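Notes follow the structure.
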Amino acid sequence: MSANFKIIQKSDPRTYFETQLQSFLLGKSKECEIVISDPHISEVQARVEKKDQKYVIKNMGENPIQVNGRSAHAQFLKHGDEITFGKTKYLIQLHGEDNEFNKTVKLEAKTMVLNSPSNKEIGPRLICTNSAGKSKTYPLKKDKVVIGRSSEANLQLVHPLISRKHCIIEKRDNAFYVRNISTTNPIYVNHQGISEKRLYPGDQIKIGTFSVTFLSDRPEDVKTVKEKIITKNKATGYSLWVALVLLLTLGGYFFYLHAYAPWKIKQTLLAVSKQIDSGNYIPAQNMLKRLLETDISPEDNHEARELLAQTALAITRQKSENESVESAKTYLMAYLAEYGAGKESEMLWDRLDFYRLVLGQRFEGSEKYHLALRQYAAIREDSLYFEEAQKAVRRIWLAYQQPSREEQTLAQLFKEAETHFKAKRYLTPVNKNAYSLYQAVLALEPQNELVLKRIEQIKAFYREYGEKYFQKEKWRKALSFLERYYFIDPQAPDIKEKIKVCKNKLTAPKQPPQPPEQQKTVPDQKPDENREEIKRLLEESGTESSWLMQYLFENQEGEKGSDTPW
C-alpha cells in the first residue's frame, strides 16, 4: 500500500519522508515520527493531522513555518504545496484515499515492524515478544543487526521508550554480543543493566516494553561449565618420594602463581566493578590502568579493558553534561589514542563519531561550514553516523550554490547545465558546474528523464576513471574520482570499500625494502599497524586536504574548469 502523505526536500529530491499515519509530529527531536536535521527548526516544530479527509498542519514550535511562502499557524495542505522549515524547503505529495486507511489499527501493528521476517527457525535467532504477548522470529543472518525505533533499523520496534538506534547485536569471534548504543535509554539482559554482554541461548534482552529472547542451535553458543578434574597419582615408591620433595620445594611458588595471584586479580576486578556501580569512575580507572601494566591472563585482560571502557564512557557522559561536548570529545580522543585498539573500545568509537556529528550540526547551524565539514569528514566509514554525515556534506554543498539559482527558469537552468556538461565541468568549479544545476532542475521537475540520464553519465565517468586508477594502484588519483562518485551516490558499497582501501594505502607507513633473509625475521607488525590505524581515525586536520574542503573554501578562483584527469 502506497503512503498517503509524502514530503520531499526540494533541494535534493532523493531525500524524502513518507507515512501512512493520520497524526504525526515533525521536528528536530528524535521523539518525532519525522525527524528533520535542520538546526533552524524547533525540537517539535509541527503536527500534521488528517481531518475530514484533508491534512492540516499546526505550528507547535517557537520557529515559524511557511506554506507557499506565507507564514502559517494552522492550515490545510493540498497536493503540490511548498512548506519551509527553518532554511529548508519541502514539497507535499498526497496520494489517493485507501479503503482500509480509516480502519482501526491494532497496537501490535503500530509498535513492531520486522523488515526481514522468517518462519524458518534454524540457527541463531531472536524471538521478539510485545507487551500483548505476541511474538515474531528474526533470524540472525547478518554479522551486525541494529535494533531501534528508526525505519533504518534491521529490527524496528516502535515505542517512546526505545531510541531510534537503541542497540546492536553483532557476531564476532564466532559468538554473538549485544551492545547498547543509545545515549538515553538502557537495555537489560536477564534483568541486569549492561553496556555490552555476550549472549547465550535463553538470554532475555529487555528493550522498552519488548522482550527479545536469544536462541541458537549452534554448539558454539552453549555456555560451557568449567569442571575441576582430579586424577589419582599412580606413582609409587621412589617416584612418589621425588614427587613429594618437588611439591614441597615448589609448592609455595605454584600456590602464588596459580592460586593467590589469580585470586588477587579477581578481587581487584570485583572491587573495580563496585566502584563503577557507586559512580567512583576515576579511582576505578586508575586501578585498572595499573592492573593492565602487569602480566595477567588474556581473559582477565579482556575483562579489565571492558571495565576500563565503561569508566571512559561514564566520564565522557559527565563531561558532556557538566562541561561541553567539545570537552568530552577531547577526553575521548586522548583515551582512544592509548586504549582504542581492542573490540572493547568499539562503543567509544561510536560515541566519538556521535560527538563529531553533534559538533558538525552546531557549526552548520552557525554557518561555520568549514568547521562543520571537518567534523563530518572525520566520521569513520563504518560508523552508524557515516550516512547522516554524508547527507550533511551534500546539504552544505548544495546550499552553497542554490541561492544564485532561485530566479532562473527551468529552461535557463537546463541550458546552462548542458553547457557545463559538454565542457566536463561536472562538480567543479563552484556555482558553475553541471551537477548543481541538474539538481536545481530536479527540484522543479523531479522526473526529468534527460537530467536523470545526465547524472548517470556523470557517475559512470567518475566510476570508470576511479576504478582504472584503483587497478593501477594510483591511490591518490583513484580516491579523487571515487570520492566524487560517492558524493553523488552514497548508496554504493563497492565504491565505499575502494575509498577505504585508498585512504589506508595513502596513510600506511612506508617500510624500506629488506633482503629476503631479514624479511623472515621481521617481528609481527600488527601493534604498529594498530597504532597507525588509530592515529588515522583520530586525525581531523587532514580532512582539510579533501577535494570538497578545497573546492568550497580554498581554490574557488584558480580551480581547473574541468573534471577530466588530463
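The values are calculated or read from the model by the stated rules, or taken from the named source; none is laboratory data. A quick note: this is a predicted structure, and the numbers were derived from the prediction, not measured. Reconstructed Cβ throughout: ideal geometry from the backbone, glycine too, with neighbour counts over all protein chains shown. What goes into the accessible areas is simple: the full protein's heavy atoms, side chains included, and nothing from ligands, DNA or RNA. Shrake-Rupley method; radii C 1.70, N 1.55, O 1.52, S 1.80 Å.
Considering every residue within segment 94-116, establish whether at least one is surrounded by 11 or more Cβ atoms within 10 Å (Cβ to Cβ), modelled with pLDDT of 80 or more and of a type in the set (Gly, Ala, Ser). Scanning segment 94-116, I find no residue that is surrounded by 11 or more Cβ atoms within 10 Å (Cβ to Cβ), modelled with pLDDT of 80 or more and of a type in the set (Gly, Ala, Ser), so the answer is no. When each of Glu364, Glu387 is tested for being among the acidic types (Asp, Glu) and under 26 Å from Val145 (Cβ atoms), the lone residue that passes is Glu387.
Among the residues of segment 472-483, those that are part of a helix (DSSP H, G or I) and not polar (S, T, N, Q) comprise Trp475, Arg476, Lys477, Ala478, Leu479, Phe481, Leu482, Glu483.
Of Gln285, Gln267, Gln275, which residue is open to solvent by 50 Å² or more (accessible area, probe 1.4 Å), at pLDDT 70 or above and either part of a helix (DSSP H, G or I) or hydroxyl-bearing (Ser, Thr, Tyr) (or both)? Break it down into steps so the answer makes sense when it comes.
On the way: Gln285 fails: open to solvent by 50 Å² or more (accessible area, probe 1.4 Å); Gln275 fails: open to solvent by 50 Å² or more (accessible area, probe 1.4 Å).
So the residue among Gln285, Gln267, Gln275 that is open to solvent by 50 Å² or more (accessible area, probe 1.4 Å), at pLDDT 70 or above and either part of a helix (DSSP H, G or I) or hydroxyl-bearing (Ser, Thr, Tyr) (or both) is Gln267.
Against the numbered list (1) under 19 Å from Lys87 (Cβ atoms); (2) open to solvent by less than 20 Å² (accessible area, probe 1.4 Å); (3) without any contact (Cβ under 8 Å) to a residue 40 or more places away in the chain, Tyr16 comes up short only at (2). Screening segment 63-93 for residues that are at pLDDT 85 or above and charged (D, E, K, R) and picking the one that is most open to solvent (accessible area, probe 1.4 Å) gives Arg70. The residues in segment 418-447 that are closer than 24 Å to Tyr16 by Cα and either of a type in the set (Asp, Glu) or in contact (Cβ under 8 Å) with a residue 12 or more places away in the chain (or both) can be counted, and the count is 14.
Restricting to segment 472-511, count the residues that are more than 19 Å from Gln390 (Cα to Cα) and open to solvent by 90 Å² or more (accessible area, probe 1.4 Å). If you could, list the steps in order and put the result at the bottom.
The first filter runs over segment 472-511 and keeps only residues more than 19 Å from Gln390 (Cα to Cα), leaving 472-478, 504-511.
Going one step further and asking which of them are open to solvent by 90 Å² or more (accessible area, probe 1.4 Å), we end up with 472-474, 476-477, 505, 510-511.
Qualifying residue count for the region: 8.
Being under 28 Å from Leu479 (Cα atoms), among the charged types (D, E, K, R) and open to solvent by 40 Å² or more (accessible area, probe 1.4 Å) narrows it down to one residue among Arg380, Arg374, Arg351; which is it?
Working: Arg380 fails: open to solvent by 40 Å² or more (accessible area, probe 1.4 Å); Arg351 fails: open to solvent by 40 Å² or more (accessible area, probe 1.4 Å).
Every option except Arg374 fails the conditions.
Taking the condition in contact with a strand residue (DSSP E or B) (Cβ under 8 Å, 6 or more places away or on another chain) and among the hydrophobic types (A, V, I, L, M, F, W, C), does Met333 pass? Judged against the criteria, Met333 is not a match.
Which of the residues spanning segment 168-184 are among the charged types (D, E, K, R) and closer than 19 Å to Gly208 by Cα?
Let us first name the residues in segment 168-184 that are among the charged types (D, E, K, R), namely 170-173, 179.
If the condition is that a residue be among the charged types (D, E, K, R) and closer than 19 Å to Gly208 by Cα, then Arg179 is the only one that fits.
For Leu291, the criteria (1) in contact with a helix residue (DSSP H, G or I) (Cβ under 6 Å, 6 or more places away or on another chain); (2) open to solvent by 40 Å² or more (accessible area, probe 1.4 Å); (3) not charged (D, E, K, R) hold in every case but one, which is (2).
For segment 460-471, the criterion of being open to solvent by less than 50 Å² (accessible area, probe 1.4 Å), touching a Pro at 6+ places or on another chain (Cβ under 9 Å) and either among the charged types (D, E, K, R) or assigned to a helix (DSSP H, G or I) (or both) is satisfied by at least one residue. Pairs meeting the criteria (first residue in segment 357-384 and closer than 15 Å to Asp38 by Cβ, second residue of a type in the set (Asp, Glu), beta carbons under 6 Å, at least 6 apart or on different chains) are Ala372/Glu364.
Before we move on, is Ala314 in a loop (DSSP other than H, G, I, E, B) and surrounded by fewer than 19 Cβ atoms within 10 Å (Cβ to Cβ)?
Details: in a loop (DSSP other than H, G, I, E, B): no; surrounded by fewer than 19 Cβ atoms within 10 Å (Cβ to Cβ): yes.
Here the answer is no, as Ala314 does not meet what is asked.
Here segment 36-49 is the region considered, the condition is being touching a residue at least 40 places away in the same chain (Cβ under 8 Å) and under 21 Å from Leu94 (Cβ atoms), and the residue that is surrounded by the most Cβ atoms within 10 Å (Cβ to Cβ) is Gln45. With respect to the conditions (1) assigned to a loop (DSSP other than H, G, I, E, B); (2) closer than 28 Å to Ile34 by Cα, Val178 lacks only one, and its number is (1). The residues on offer are Ala341, Ala304, Ala337, Ala312, and the sole one that is in contact with a Phe, Trp or Tyr (Cβ under 6 Å, 6 or more places away or on another chain) and among the aliphatic types (A, V, I, L, M) is Ala312. Considering only residues that are at pLDDT 85 or above, open to solvent by 50 Å² or more (accessible area, probe 1.4 Å) and in a strand (DSSP E or B), which ones fall in segment 117-160? Lys136, Lys144, listed by residue number. Of the residues making up segment 175-186, those that are within 20 Å of Asp143 (Cα to Cα) and under 21 Å from the mean Cα position of the chain (by Cα) are Phe176, Tyr177, Val178, Arg179, Asn180, Ile181, Ser182.
For Ala337, are the conditions met, namely being among the small types (Gly, Ala, Ser), under 19 Å from the mean Cα position of the chain (by Cα) and either surrounded by 20 or more Cβ atoms within 10 Å (Cβ to Cβ) or closer than 30 Å to Ala304 by Cβ (or both)? Quick ask: steps written out before the conclusion?
Working: among the small types (Gly, Ala, Ser): yes; under 19 Å from the mean Cα position of the chain (by Cα): no; either surrounded by 20 or more Cβ atoms within 10 Å (Cβ to Cβ) or closer than 30 Å to Ala304 by Cβ (or both): yes.
The answer is no for Ala337.
In segment 441-456, how many are open to solvent by less than 80 Å² (accessible area, probe 1.4 Å) and in contact with a Leu (Cβ under 7 Å, 6 or more places away or on another chain)? Explain how you work it out, then say what you get.
Within segment 441-456, the first condition is being open to solvent by less than 80 Å² (accessible area, probe 1.4 Å), and the residues that meet it are 441-443, 445-446, 448, 450-452, 454-455.
Narrowing further to those that are in contact with a Leu (Cβ under 7 Å, 6 or more places away or on another chain): 441, 445, 448, 451.
Of the residues in that region, 4 qualify.
Residues checked against (1) among the small types (Gly, Ala, Ser); (2) more than 26 Å from Arg179 (Cα to Cα):
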{"residue": "Val358", "(1), (2)": "no, no"}
{"residue": "Gly365", "(1), (2)": "yes, yes"}
{"residue": "Tyr369", "(1), (2)": "no, yes"}
{"residue": "Phe386", "(1), (2)": "no, no"}
{"residue": "Ala392", "(1), (2)": "yes, yes"}
{"residue": "Thr409", "(1), (2)": "no, yes"}
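Within the set Ile162, Ile205, Ile187, the sole residue that is in contact with a His (Cβ under 9 Å, 6 or more places away or on another chain) and not hydroxyl-bearing (Ser, Thr, Tyr) turns out to be Ile187.
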